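Reviewing the structure listed below.
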Amino acid sequence: MKRKILVIEDNEQNLYLVRFILERSNYEVFAATDGRTGIETASALKPDLILLDIQLPVMDGYAVARSLRENPDLADTPIVAVTSYAMPGDREKTIAAGCNGYIEKPIDPETFVASVERHLPDRKGGEQRR
Ligand code: MN
């Protein structure tokens, strides 16, 4: 069975690129373009991993991460922030909000899947393609 990744991202181009890269690596990709929908989709879907944009309309990614962590069903789901914020302390802020890791934009298609898979439990070792 394909593993499910939920992408919460409001930028169409980023979403397109992330979907393309992950589907090429045989993941099933679900998308939400705002935080509220992302939280609802995560609760219903229980994905294997969540990719979370931080700059989102209405509700930012920090608030989304905190809300996801309040759901016991999602307590152990890896959440990886994907953000162009590059200020000192931003990584710490994403971790404090409940994220497991942080990938910087712009997305590098060469390394993106490996960066994501670092946070997926029981991934097969040594099979990462670059
Ligand atoms: Mn955004």
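On the stretch given as region 109-128, residues that are out of contact with any helix residue (DSSP H, G or I) (no Cβ under 8 Å at 6 or more places or on another chain), open to solvent by 40 Å² or more (accessible area, probe 1.4 Å), farther than 15 Å from Asp48 by Cα and at pLDDT 90 or above total 2. In region 45-52, is there at least one residue being open to solvent by 30 Å² or more (accessible area, probe 1.4 Å), β-branched (Val, Ile, Thr) and over 17 Å from Ser84 (Cβ atoms)? Within region 45-52, none of the residues are open to solvent by 30 Å² or more (accessible area, probe 1.4 Å), β-branched (Val, Ile, Thr) and over 17 Å from Ser84 (Cβ atoms). Of all residues in region 66-85 being among the small types (Gly, Ala, Ser) and more than 14 Å from the ligand (Cβ to nearest atom), which is most open to solvent (accessible area, probe 1.4 Å)? Only one residue tops the list, namely Ala75. Number of residues in region 14-49 that are more than 18 Å from Val113 (Cβ to Cβ) and within 14 Å of the ligand (Cβ to nearest atom): the value is 6. Looking only at region 1-13, residues that are hydrophobic (A, V, I, L, M, F, W, C), in contact with a Pro (Cβ under 8 Å, 6 or more places away or on another chain) and within 12 Å of the ligand (Cβ to nearest atom) come to 0 in all.
The values are calculated or read from the model by the stated rules, or taken from the named source; none is laboratory data. Computed from a predicted model, the values in this text were never measured in an experiment. Because the Cβ atoms are built from the backbone with ideal geometry, glycine has one as well, and the counts that use them run over all protein chains shown. Note: areas computed on protein heavy atoms with side chains; ligands, DNA, RNA excluded. Shrake-Rupley method; radii C 1.70, N 1.55, O 1.52, S 1.80 Å.
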